[in-house]
Amino acid sequence: MEQAFSIGLLIIAVIFSEICYGYFNKIPLAFYQIAMGLLLALLPAYHHYQLNPDIFMFAIIAPLLFNEGQTTSRSRLKHGLLSTLSLAVGLVLISVLVTGFSIHAIYPALALPLAFMISSIVTPTDATAVSSVTKKLPVPEQAMSLLKNESLFNDASGIVAFNVSLSAFLSGNFSPANGAGEFLLNFFGGLASGLIMGYLIVFLRMIVYQKVMDNPTLNVSIQWVTPFAVYFVAETFHVSGILAVVAAGIVHGMERDQLRLISTRIQVVETSLWTILTNLLNGFVFVLMGVTLPTVIGDLQIRHLETVSRMILFALIIYVLMTLIRFIWARFFVQLPLLNLSKSKTAALIAVCGVHGTITLSIAFSIPLTTHAGTAFPMRNDLIFIATVVILLSLIVPLATIGMLLPETNDKSDIDLVSLRNRMLDYSINHLRESAEPSTERQLVVETLYQLKAIRVDIDQEKVEQLFQDARRVEEEAIKQAEKDGLVTKKEQILYEHFLMLGRGRPRQNLLYSMWLHFKMRFLFFIQRVRIKRIHQHTSQFENKKKARHVIERRKRIMHRLEQIGYQAVSDFLREQDTAQKDDEVNIVLRHYDERHRRINASEKKKELQSNLFIQAFQTQYEYIQKKLADKKISPRDAKKLGEQISYDEMVYMQNDDF
């Protein structure tokens, strides 16, 4: 129970670091996660905290690499296959051998197998960490593709090299030649076993889908079990379980991209759940790094074998040496992408973008606590500390160097935002047609999305904000005047002002904050249903249920009459503001009130269905922007503009009409 509680706190720390990053994203997310871990280390429960090393390979690395495999672009991988294998296999072998022998020569007290272990630990690169570091930098897409492909396979290569070195150390028998042969056997044996098992599981999913069709629970459960089953079987046959997981992931990606076996509904569920899982696992490892760092440093100081400053210097030497090897290998042994850079600068870019992250840290934590003889594993904390410092260096150095390697660019986008927005709307329309049942409400939402194509992208948000404020003021004044004229009571006026407060719309300034509207509207719709249910439950208190229904209907008629007064006043005001050329800013606000007026007179069932369809439509638009942004097909500035446009559309169609 205590272990479960401690893991739960680590997960909470991951979530909180994501929140901090959302407010201030100029600092890479990994640093927030490490900081949260350091804070947790202050609690007594996390003093000298250790997690079972066996958990990392099986429960953390396997699902992470499986997801990387299934989300990797097959066409991108195919076109850069030779360069990818050169970096993921050739560079890994050379880096481990050269760095291992160099470390042993510098520090003879470190046994040669242990030297190869630390070399293997710091070899894998992390594409997610690269993307986090370079988020604000215009790294060319071709370079990022090569780095992502490399990280997919050199993760597994590094783990295989680590396992070979670990086996050599525990057995006491090590030969570089035999080690290289065992590495290749594990590498290609793991790939072969993963491909076979991947296709078998895909075949099983085909049979399941044909029998039970659209069942997300069953299909997603099979997919979630896949990386663990593949890893276990491969390790049973003494080949690389990690590479088997990668190969099985690629096969599952081919299923989704080419065979189209699974429905859109199941694909949406799969994507969402895997995104949540991988984000949690990545963050979990970095938080754990922060938690264990004080213990590791304290152990180094107590033992007096090596001071902390000496270990930092040692890690710096390893980082510089491996970066230099990457540069030489990329410069002379890799077919580099054609960029607007010299070959040397391109090689330097590939070298410094060799950022280490979750996999490196996970391998370090997977070092056994004890040897076969039951004694404490020698220098375990030393190796973890060195790996930690190398990771931090690899995160910091690119921030200072990448900008100098890339040519100067301005932030102006050459993308046609109108065309991009239309493609986004088409994507949303197609998704609705595939996932929602045909209905009058679905047709209305689809037609609305088509009409949105006519709205400009470069909306003056300050003008829209001012118009909303003016319209609200006009409506409030109209209701107050009606109260003075005796058309409504004071109680009705206060009730309607409460309705206006809940329904207030306001433009959002960023994409992240805009998505809050989904949760707000879901909550308001829930409250509305609860109120209606409560009213019906209390009808038994009336002697006559017909009288209770009469009270409800009377209240609705009063509110409809008040809304008609406010709507007419605002419509007259906005039409006076409209110019001959029909300003889109005025039309946005006018459509907001037209839509509210129409919804208020619709039935509850139709309103709820339509609201759910709009939520689904806007969510797919956000997903479209995020995908394009992650693939660097659009700039952050363009993503912000499109996000603001969605925000305006939400103000129009995602409204609270709870009386």
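Exactly one residue out of Phe519, Phe499 is surrounded by 13 or more Cβ atoms within 10 Å (Cβ to Cβ), of a type in the set (Phe, Trp, Tyr) and either under 21 Å from His592 (Cβ atoms) or modelled with pLDDT under 70 (or both), and it is Phe499. Inclusion of Leu449 among residues that are modelled with pLDDT of 80 or more and within 34 Å of the chain's Cα centre (by Cα) is warranted. Only one entry in Ile391, Ile359 is in contact with a Ser or Thr (Cβ under 7 Å, 6 or more places away or on another chain), within 29 Å of Val291 (Cβ to Cβ), in a helix (DSSP H, G or I) and of a type in the set (A, V, I, L, M, F, W, C), namely Ile391. In this structure, is Pro398 modelled with pLDDT of 85 or more and either surrounded by fewer than 18 Cβ atoms within 10 Å (Cβ to Cβ) or under 27 Å from the mean Cα position of the chain (by Cα) (or both)? Judged against the criteria, Pro398 is a match.
Filter the range 363-385 down to the residues that are surrounded by fewer than 20 Cβ atoms within 10 Å (Cβ to Cβ) and of a type in the set (Phe, Trp, Tyr) and list them by number. Scanning the range 363-385 gives a single hit, Phe377.
For Lys633, indicate whether it is modelled with pLDDT of 75 or more and assigned to a loop (DSSP other than H, G, I, E, B). First the steps, then the outcome.
Working: modelled with pLDDT of 75 or more: yes; assigned to a loop (DSSP other than H, G, I, E, B): yes.
In short, yes.
Under the condition of being over 13 Å from Thr292 (Cα atoms) and in a helix (DSSP H, G or I), which residue from the range 21-43 is modelled with the highest pLDDT?
Here is the first cut: in the range 21-43, the ones over 13 Å from Thr292 (Cα atoms) are 21-32.
If we keep only those that are in a helix (DSSP H, G or I) too, we end up with 21-23, 29-32.
Numbers: Tyr21: 79, Gly22: 72, Tyr23: 74, Leu29: 80, Ala30: 79, Phe31: 83, Tyr32: 88.
Among those residues, the one meeting the criterion is Tyr32.
The values are calculated or read from the model by the stated rules, or taken from the named source; none is laboratory data. This one's a predicted model, so the numbers in the text were calculated from it and none came from an experiment. Don't worry about glycine lacking a Cβ; one is built from the backbone with ideal geometry, like all the others, and counts go over all protein chains shown.
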